[in-house]
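Contents: one structure, followed by commentary.
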Amino acid sequence: MTEKAVASVLVIDDDPTIRLLLVAGLNRQGFRVAEAEDGPSGLETFAREHPHLVLVDVSMPGMDGYAVVARMRAMPGGEALPVLMLTAADDAETRRLAAEAGATAVVNKPFQLLPLAEHLRRLLEASA
């Protein structure tokens, strides 16, 4: 990704408030953001949009974030993509399951938007 390219981020979270916060905040930070409200629509959006980075909630009804990440990793373009899992849980088991699913990192809720945006920039630079 070049210096002038706009990084695209996909946010997958069943909580509309979290999605609104991330979409609005990351847009203000210069990212282009797509959103999805559940795992299946997130996978469809991923296949259609080809984002540079994905933020996915761990706990969602139907298909949880672990399943989303595992399926995304098997899709074209998903192999080396930075994927961060969002969770209110701060325990070793959650982190272990996230790593096994293929997550790059885990971000705890509540999060602060500016440090999160900087973290995303660093991950994108490292994956370029």
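The values are calculated or read from the model by the stated rules, or taken from the named source; none is laboratory data. All figures in this text were calculated on a predicted structure; none of them were measured in a lab. Here Cβ is always computed from backbone atoms with ideal geometry, including for glycine, and neighbour counts include all displayed protein chains. With ligands, DNA and RNA removed, areas are computed over all heavy atoms of the protein, side chains included. Shrake-Rupley method; radii C 1.70, N 1.55, O 1.52, S 1.80 Å.
Quick one: count up the residues across the range 1-42 that are in contact with a Lys or Arg (Cβ under 6 Å, 6 or more places away or on another chain) and modelled with pLDDT of 95 or more.
Residues flagged as in contact with a Lys or Arg (Cβ under 6 Å, 6 or more places away or on another chain) and modelled with pLDDT of 95 or more within the range 1-42 amount to 4.
Can you tell me how many residues within the range 36-51 are open to solvent by 70 Å² or more (accessible area, probe 1.4 Å) and part of a loop (DSSP other than H, G, I, E, B)?
2
If Asp57 satisfies every condition in (1) at pLDDT below 95; (2) under 21 Å from Thr17 (Cα atoms) but one, which is the exception?
Here Asp57 meets the rest and fails (1).
How many residues does the range 84-109 contain that are touching a residue at least 12 places away in the same chain (Cβ under 8 Å) and either open to solvent by 60 Å² or more (accessible area, probe 1.4 Å) or assigned to a helix (DSSP H, G or I) (or both)?
8
Can we say Pro76 is over 20 Å from Leu114 (Cβ atoms) and touching an Asp or Glu at 6+ places or on another chain (Cβ under 9 Å)?
no
Scanning the range 2-35 for residues that are closer than 21 Å to Arg48 by Cβ and of a type in the set (Asp, Glu), which turns out least open to solvent (accessible area, probe 1.4 Å)?
Only one residue fits best here, namely Asp13.
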